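Quick notes on the structure that follows.
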Amino acid sequence: METLPTEVFNEILDQFEPGLHEFPRANPWARPRPYKPEHLDSKQHFARLRLVCKRFSELAAPYLFRNIGLRFNLRSFDRLERLAEQPMLARHVKKFVYFMPYLYDQGSQDFEAFRSDRSLRFSNKLRQIMFEDREPFYYPTVLKEQQEVMRNYHDLIILKKAMKAFIALQSIQLLSVMVHKDIVLRNLASSFDEWEYIDCRWVPACHRAVKTLLEAVMYGKPPVSSFSSPTLSPQSLLEITSEMQPSGLASTNWRQLTHLDVTFDERPDRSYLDAAGTRLKGHISPLSAFFKLFCSYTENLSTLYLRFTPGLPVRLPLDDVFHETAWRKLRVLGIGSWVLRAEEIINIAQRHRDTLKGLRLSEVYLMDGGRWKDVVAALKIHMKRLEWVGLQDIGYEGEYVRRAAYIETYSDTSSEEDYEEGAEVDGQSILSLDSNVHPSQADDDVIYGNVFTSSDDTGSSSGLSSSGNAANASFGSLGALDDTDDEEDLEDYGHTVSQAQRKHWERWVTGKNVNSGEAYTRSL
C-alpha cells in the first residue's frame, strides 16, 4: 500500500466523494450530480483514515476539509478558529456553508412571565414542546449564547481569520436554520397582534450574517467565485448597502464572482404568505439602485439565477433589476417567481444570444396580452447557442391570481398535529468533533437550502415551500421527464400552460430531448 502512487489513492478515495475534481460545475441545472449512497458517511471514513499514518492523513485531508459548515454558536466558532490556525488544513477548504439560525429578541416581558402566562392557553402538547420538563430551557439558553457570539463582534473576528486562511475558497453558501421550537414560537407569535415575549426573527439574522461575511471576505480576500442563498432578505441587503462605501462594492471580490444563485425572501418575520405584499413596496428604488451598481461590477458572471419568494411572484420590471446589462461571459441565466411582459424575457435573452447556453424560467407568469408561444418562438429563432431550456411552473398572471384566490379561500389552517411533523435535513457541520447535544444544534433542524449534495433529478434544490404548484419547486426542471407527451391540444390561448406544453416547448427550442440526447422534430 505504501508504494502505491498518490494518483491511485485519489482514484480510490474519489469513490467515497464523487465529483471532488469537478467543482464548480459550469451548468448547475442541466444534469444531475453523481449518485452518492445516503448510507455512506464518507466524512467518518476520511477522519479515521487520517489516523493511520502521516501519508494517509495528507491524502484524506482534502476530502475531509473540502466542505465545511459553521453554525452560529460558540462551539462551532471555536472549531472554525482552530481550523483557521492550521494552514496545512485550511488550504483545502473550497466550500463554506454558514448555517444561520433566526436571532432571538428578548421582548418587553422576561421568559418566566412568558412561561407562566396562563392567558396564552397552551395545550399540554404545546407546553411540552416549548418548555419541556427540565432546565435549562431552550429559548433563554440560545438567546444568551447568541448575545455572547455577537458581543464584541466575536463572530466577525473569527470569520476574518478564517477567510484569511482559506486561500482556495471558491464557494460561500448562506442557509437559514430553524429548529422545531423556533417554528412553534414563530407560529404562536404570528397569531397575536402584539407580542411582548421572546421572539425569533430572520431579517436581523440575515443582516448579521451577510454583513459579517462581506466584511470578512473583503478583509481576507479569498478567491471566492460563487455565492448562493435560498432565503436572502432584501430588507437586510438594503441596510447593508446603505452602510457600505461604493469602494466596497467595487472591490475585486465582486469582480471575481462568476456564479450567483440567490432567492430573495421578502416576507416579514412574523407573517403568513401574503400575496398583497409581493410588490416590494418601499423597496423598489433602493433595490434598483443596488442592482445597478451590482450589475456594473459583476462583469465576469457566467451563471446567474435570481428568484423571489416561491409562490409569491413579484411585479417588478426586469430592467429595474438588470438595467439592460449584457454580461459578456454569461452562460446560464435563471429567473424565478416573477410577473413579466413577454417582451422583457425576449429582450434579456437576445442581449445574451451569443453566449447563453442554458435558460431557466421558473414560476414566471406573463401579464395580460403576452403569449408564451411568442417567447418560445423568439428563443428558437434568435438563441442558436442554447443547449437546454427549463420552463418550470410557467403560466399566466390571471391563472396565478385564480389559483391564489382558491388556496386562500379553501386552505385549512394549521392544527395542533402540525407540530408533530417537520421536514428534517441533515445539517451537521463536518467540523463537529464531539457528540454532545447543544441547544443550538438540535436534531430537528429545518435547513432551508441545499448543503453539500443535490437531489438525483434536479442537481439542486431550494428547500423552500410555497403555496400551490410551487410547493414542489426545485432548481432543476430538466430532471427525469416522461418521454411520452400527453395527447392533447398544444395551442397557446393565453389562459394556462400545461405540463405537456412545457415539455414540448423545452425540447422544441433546442431541437432535442435533453435527457436522452435524441433529436426532436415535432412542430410548435
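In whole Hz, with x marking every Gly and Pro, tabulate ³J(HN,Hα) for region 102-117 from phi via Karplus 6.51 cos²θ - 1.76 cosθ + 1.60, θ = phi - 60°.
Whole-Hz 3J(HN,Hα) from phi for region 102-117: 5, 7, 8, 10, 4, x, 7, 10, 6, 5, 5, 5, 5, 5, 9, 6.
So if I place +1 on the C-beta of Lys and Arg and -1 on the C-beta of Asp and Glu, and nothing else carries charge, what would the dipole magnitude of region 54-177 be about its Cα centre? I want it in debye, nearest 20. Walk me through the numbers on the way to the answer.
Working: 21 positive and 14 negative charges, 140 e Å.
Value, rounded to 20: 680 debye.
Near the amide H of Ser233, under 5 Å away, which other amide H atoms are found, from residues 5 or more places off or on another chain, if H is placed in the peptide plane?
Here the answer is Asp265, since their amide H atoms fall under 5 Å of that of Ser233.
Order the peptides 101-111, 253-263, 173-183 from the highest to the lowest mean number of other Cβ atoms within 10 Å of their residues.
Values: 101-111: 17.3, 253-263: 19.5, 173-183: 21.6.
Sorting 101-111, 253-263, 173-183 by mean packing, highest first, produces 173-183, 253-263, 101-111.
Would you mind counting up the charge near Trp505? Only other residues with Cβ under 10 Å from its Cβ, with Lys and Arg at +1 and Asp and Glu at -1.
+3
Check Lys512: other-chain or 5+ apart residues with amide H under 5 Å from its amide H, H built from backbone geometry?
Tyr520
We did not get these values from a lab; they are worked out from the coordinates using the rules stated. Keep in mind it's a predicted model, so treat the numbers as computed, not measured. FYI the Cβ positions are ideal-geometry reconstructions off the backbone, even for glycines, and counts take in every protein chain you see.
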